[in-house]
1. Here is a check on your reading of the model: is L4 surrounded by 14 or more Cβ atoms within 10 Å (Cβ to Cβ) and at pLDDT 75 or above?
2. In the range 98-122, how many are hydroxyl-bearing (S, T, Y), farther than 15 Å from L80 by Cβ and outside any strand (DSSP E or B)?
3. Sort out which residues of the range 38-57 are modelled with pLDDT under 90 and either within 15 Å of M138 (Cβ to Cβ) or among the small types (G, A, S) (or both), and write them in order of number.
4. Name the residue, out of D49, D87, that is charged (D, E, K, R), surrounded by fewer than 18 Cβ atoms within 10 Å (Cβ to Cβ) and free of Cβ contacts under 8 Å to residues at least 24 places away in the same chain.
5. Note down all Cβ pairs under 9 Å where the first residue falls in the range 110-127 and is over 19 Å from I58 (Cα atoms), the second is among the hydrophobic types (A, V, I, L, M, F, W, C) and surrounded by fewer than 17 Cβ atoms within 10 Å (Cβ to Cβ), and they're at least six residues apart or on different chains.
6. What is the residue count in the range 61-82 for residues that are touching a residue at least 24 places away in the same chain (Cβ under 8 Å) and part of a loop (DSSP other than H, G, I, E, B)?
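The values are calculated or read from the model by the stated rules, or taken from the named source; none is laboratory data. All of these numbers come straight from a predicted model, not from anything done at the bench. When we count neighbours, we look across all protein chains shown, and the Cβ atoms used for this are built from the backbone with ideal geometry, even at glycine.
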Amino acid sequence: MDKLLSLPPMEKIFMEFRIPQVNADQFLHLLSLHKFIHFYYSSVVINGDELKRAMEMISTEIRERAARVRLNATMVSNWLRSEGFSDSSKAGDTCREFELVKIPDEYDNSLSFRYRRCYIRIYRFDWTSSTFNNIILMTNREETM
């Protein structure tokens, strides 16, 4: 991990090797340096406040910025509840600075929302499931969603 953290800023980093876990500080450091980071197999251990900090970093960045990560499904659904959303929320609902854009349906089980200028898509989203990780794409370019 030390070698990964010492890389100079790059356009894209695709991490296909297995790192047991990536902690929040490591993830936020990589996000601050690199334009696009993607963890294929490794989970990022992060809480709701740290996730919101990542969204703020992406939202305020002038240059294109994106991250694709695996996060604990229970943490994600609990965090969304703490922000005011629930399984009865509908597309278009807003809570504070968040706007729900798309809710899961029978054809596409992803949930999409916006935080300021950060667009977030959570793949394989389920309000009740905690048996897997969610794959989350965060970007400041709406057209990539």
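1. Numbers: surrounded by 14 or more Cβ atoms within 10 Å (Cβ to Cβ): yes; at pLDDT 75 or above: no.
Criteria not met by L4.
2. Here is the first cut: in the range 98-122, the ones hydroxyl-bearing (S, T, Y) are 107, 110, 112, 115, 119.
If we keep only those that are farther than 15 Å from L80 by Cβ as well, we get 107, 119.
When the remaining residues are screened for being outside any strand (DSSP E or B), the result is 107.
Here the count works out to 1.
3. H38, F39, S42, S43, V44
4. Working: D87 fails: free of Cβ contacts under 8 Å to residues at least 24 places away in the same chain.
Going through D49, D87 in turn, just one is charged (D, E, K, R), surrounded by fewer than 18 Cβ atoms within 10 Å (Cβ to Cβ) and free of Cβ contacts under 8 Å to residues at least 24 places away in the same chain: D49.
5. R124/F132; D126/F132
6. Number of matching residues: 4.
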